[in-house]
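One structure below.
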Amino acid sequence: MISKYITDNGTLREINEFTPGMWINLTAPSHDESLEIAEKYNIDLADVRAALDEEESSRVDVNEDYVLILFDIPTVEIRHNQEAYTTIPLGIIWTDEAIITVCSVETPVIKHFIVNHLRDFTTKKQVRFTYQIIYRTNMLYQSYLRIIDRRRLEMEEKMGGITENADIVNLHELESNLVYFDTSLRANRMIVDRLTRYSGIKKFPEDQELLDDVIVENLQAIEMTQIYRDILKGTRELMSTMIDNRQNEIMKYLTAITIVMAIPTIISGIYGMNVNGEGMPFSQSTYGFAIVCGITLLVCLIVAFFLKKRKML
C-alpha cells in the first residue's frame, strides 16, 4: 500500500499526487507499487524492497541519487499462542524530492506520526524526520522492555506454586525477545553513528539536540536490555533451583515412605519362612498374629517418628 503525506503549516495531510517535499509511506508494498516508486525516483528496486526481507541487516547505503537507511524496529508477533516480541527492518530512503519509508507491516513507529500532531514535525526536513523516527523507535523498545519485565515479575510471583511446562516456555520466550532487542539496538547504534559522521547530510543546529536525545535513548534502551537479560538469567536459575528442590523433597518423602513400608514386609517375610513353628516367637500363642501386628505397627511408628524429627516426613 502506498500512502502520500505532506505538511503544510505544521499540519500533516494525505495527498494523492507526487509533490516535492512529500513523505511516501510504503506498507507491505506489492511488486508493482515498489516498481512505481523505484522508477519515479530512480531508485534500485532491490533497495526499495530491502526492508521487506526480515533477515536484512541494518546499514546505510549512499548512492548518487538517494540514501538508503535500514534499521530494526520492534514489533509484536504470535508465538505459542501468545504475544511475543521480535524485530523487523524499517527502510528510509532520502531523495531530492521526497522521503520514503518502507516496512513489511503497519507499525506503531510510523503510525505515531500519522495519528498524532507532533510539534516541529515536517516532511520537508528529511534528517529531522529520520531522527524523530529513530527516537520513536527507541521509545517503543523501552515500552516493550518494561512489558517484558512486568511479565517476568508475574512469573516470579507464580514460582511459589506449581511450575508448569508453559512457564518454562514463557521464560524462554522472554529471553529470546531480549536477545533480538539487544542485537537490533546495538546495530541501530551503529546507524546513528554513521549518520552523525556522514558529511553529505544537511545538518541544522536545531537538529543537534534531537540527535543527542536519540543517542541517549538508544543507550538507555541498550542498558535496559542488558539489565533485564541479567535479571531474567537469575530468574531462570531460580526457577531451575526451585524445581530441583521440589524434586528432592518428593524423592526424600518417597524414600521415607519406602523405609516405613519395608518394615512390615521384612517381618512378614521372616514369619512366612517354612521353618519349625516352635522356633518362631508367639507362634504357639492364640493372640500371636495380633501381637506380631502390634509390634510391627509400633516399630513403624518409632521409625516414622525418627524420620519426622529428621524432617524426612
> What tally of residues in segment 1-28 results from selecting those that are open to solvent by 20 Å² or more (accessible area, probe 1.4 Å), of a type in the set (A, V, I, L, M), under 19 Å from Leu68 (Cβ atoms) and not in a loop (DSSP other than H, G, I, E, B)?
Replying inline: 1
> For segment 226-252, which residues satisfy the criterion of being open to solvent by less than 70 Å² (accessible area, probe 1.4 Å), under 27 Å from the mean Cα position of the chain (by Cα) and touching a residue at least 60 places away in the same chain (Cβ under 8 Å)?
Replying inline: Tyr228, Ile231, Leu232, Thr235, Met239, Met242, Ile243
> Which condition does Lys124 not pass, out of (1) of a type outside the set (Phe, Trp, Tyr); (2) open to solvent by 70 Å² or more (accessible area, probe 1.4 Å); (3) more than 21 Å from Leu70 (Cα to Cα); (4) at pLDDT below 85, if it passes all the others?
Replying inline: (3)
> Out of (1) touching a residue at least 40 places away in the same chain (Cβ under 8 Å); (2) open to solvent by 50 Å² or more (accessible area, probe 1.4 Å); (3) closer than 30 Å to Leu140 by Cα, what's the single condition that is false for Glu223?
Replying inline: (1)
> Which of the residues spanning segment 253-305 are open to solvent by less than 90 Å² (accessible area, probe 1.4 Å), among the aliphatic types (A, V, I, L, M) and not in a helix (DSSP H, G or I)?
Replying inline: Val275, Met280
>> Pairs please, first residue from segment 204-215 and open to solvent by 30 Å² or more (accessible area, probe 1.4 Å), second anywhere and of a type in the set (A, V, I, L, M, F, W, C), Cβ atoms under 8 Å, 6+ apart in sequence or on different chains.
In response: Phe204/Val127; Ile215/Val192
> Quick one: how many residues across segment 40-72 are within 28 Å of Glu17 (Cα to Cα), small (Gly, Ala, Ser) and in contact (Cβ under 8 Å) with a residue 12 or more places away in the chain?
Replying inline: 2
> Taking into account only those residues within segment 68-118 that are within 25 Å of His172 (Cβ to Cβ) and of a type in the set (A, V, I, L, M), which is surrounded by the fewest Cβ atoms within 10 Å (Cβ to Cβ)?
Replying inline: Ile78
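The values are calculated or read from the model by the stated rules, or taken from the named source; none is laboratory data. What you are looking at is a predicted structure, and each value in this text was computed from that prediction instead of being measured. When we count neighbours, we look across all protein chains shown, and the Cβ atoms used for this are built from the backbone with ideal geometry, even at glycine. The accessibility values were calculated without ligands, DNA or RNA, using every heavy atom of the protein model including side chains. Shrake-Rupley method; radii C 1.70, N 1.55, O 1.52, S 1.80 Å.
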